[in-house]
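Step one of this worksheet: look at the structure below.
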Amino acid sequence: MRSIGLTGGIGSGKSIVAKIFRTLGVPVLDADALAKKIMLENEAVKAQILAAFGTESYNDQGLNRSFISNIVFNDPFQLEVLNSIVHPATIEAGKKWALEQNAPYTIKEAALFFESGSADGMDLIIGVYAPDALRIQRVMHRDQTSREEVLNRMKHQISQTIKMKLCDKVIVNDEQSLLIPQVLALHNELITL
């Protein structure tokens, strides 16, 4: 079984592409959701986060996302600390999940494939491309946030140009090109490899 990575910058539309693959019956793992679950449920990870960021890291609702985000998105070193805690556990859980699937291929959807080092275990990486202006607009609308906040989050990801060059295949999600035919073509290619 092949392990396929699906990535793209914030607002690129990788989640909608993942949804199309799911509709085709392909097992898809959302690595970002898995990482959030690990931060809530994995006691070793929780202990490391508490040690690194203090008791305010968790509250009655679980992970104090606004507290953590405020720290890590304003300090690149602290972002690296958080990633060094969460990424290894997420990569291992993703490998375990993939072994439990029964399909010609699986997809692991993650924003930070190249940044986290998890691209190494993939047979092929698909990138989802969208123009920056459209990405910013999508995230502002989706998250009800400011342009400055979106730009701040974007600067913590490698540039989209570099990311797409690192990918084996690219799906264009610019609201001009149709997504479903692009995904179907890739799906047919992947099941016949």
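Quick notes
- From the options V172, V128, residue that is surrounded by 12 or more Cβ atoms within 10 Å (Cβ to Cβ) and either at pLDDT below 95 or in contact with a Ser or Thr (Cβ under 9 Å, 6 or more places away or on another chain) (or both): V128
- Residues being part of a helix (DSSP H, G or I), under 24 Å from I4 (Cα atoms) and free of Cβ contacts under 8 Å to residues at least 24 places away in the same chain - total across the range 61-101: 5
- For the range 157-176, a residue qualifies if it is in a loop (DSSP other than H, G, I, E, B) and more than 17 Å from S15 (Cβ to Cβ), and the qualifying residues are I158, S159, D168, Q176.
- Against the conditions (1) surrounded by 12 or more Cβ atoms within 10 Å (Cβ to Cβ); (2) more than 18 Å from the chain's Cα centre (by Cα); (3) not hydroxyl-bearing (S, T, Y), L99 satisfies every one except (1).
- When the range 39-62 is filtered for residues that are of a type outside the set (V, I, T) and touching a Ser or Thr at 6+ places or on another chain (Cβ under 7 Å), only L50 remains.
- If the condition is being within 20 Å of L134 (Cα to Cα) and open to solvent by 60 Å² or more (accessible area, probe 1.4 Å), then the range 1-18 contributes S15, I16.
- When the range 52-96 is filtered for residues that are under 18 Å from the mean Cα position of the chain (by Cα), hydroxyl-bearing (S, T, Y) and modelled with pLDDT of 90 or more, the ones remaining, listed by number, are S84, T90.
- Pairing residues of the range 112-125 that are under 15 Å from L29 (Cβ atoms) with residues that are of a type in the set (V, I, T) and open to solvent by 30 Å² or more (accessible area, probe 1.4 Å), at Cβ distances under 9 Å and at least 6 apart in sequence or on separate chains, gives L112/I158; S116/I91; S118/I91; G121/I91.
The values are calculated or read from the model by the stated rules, or taken from the named source; none is laboratory data. Since the model is a prediction, treat every value here as computed from it, not as a measurement. All Cβ positions, glycine included, derive from the backbone under ideal geometry; neighbour counts span all protein chains shown. Areas reflect the complete protein model, heavy atoms only, side chains present, ligands, DNA and RNA absent. Shrake-Rupley method; radii C 1.70, N 1.55, O 1.52, S 1.80 Å.
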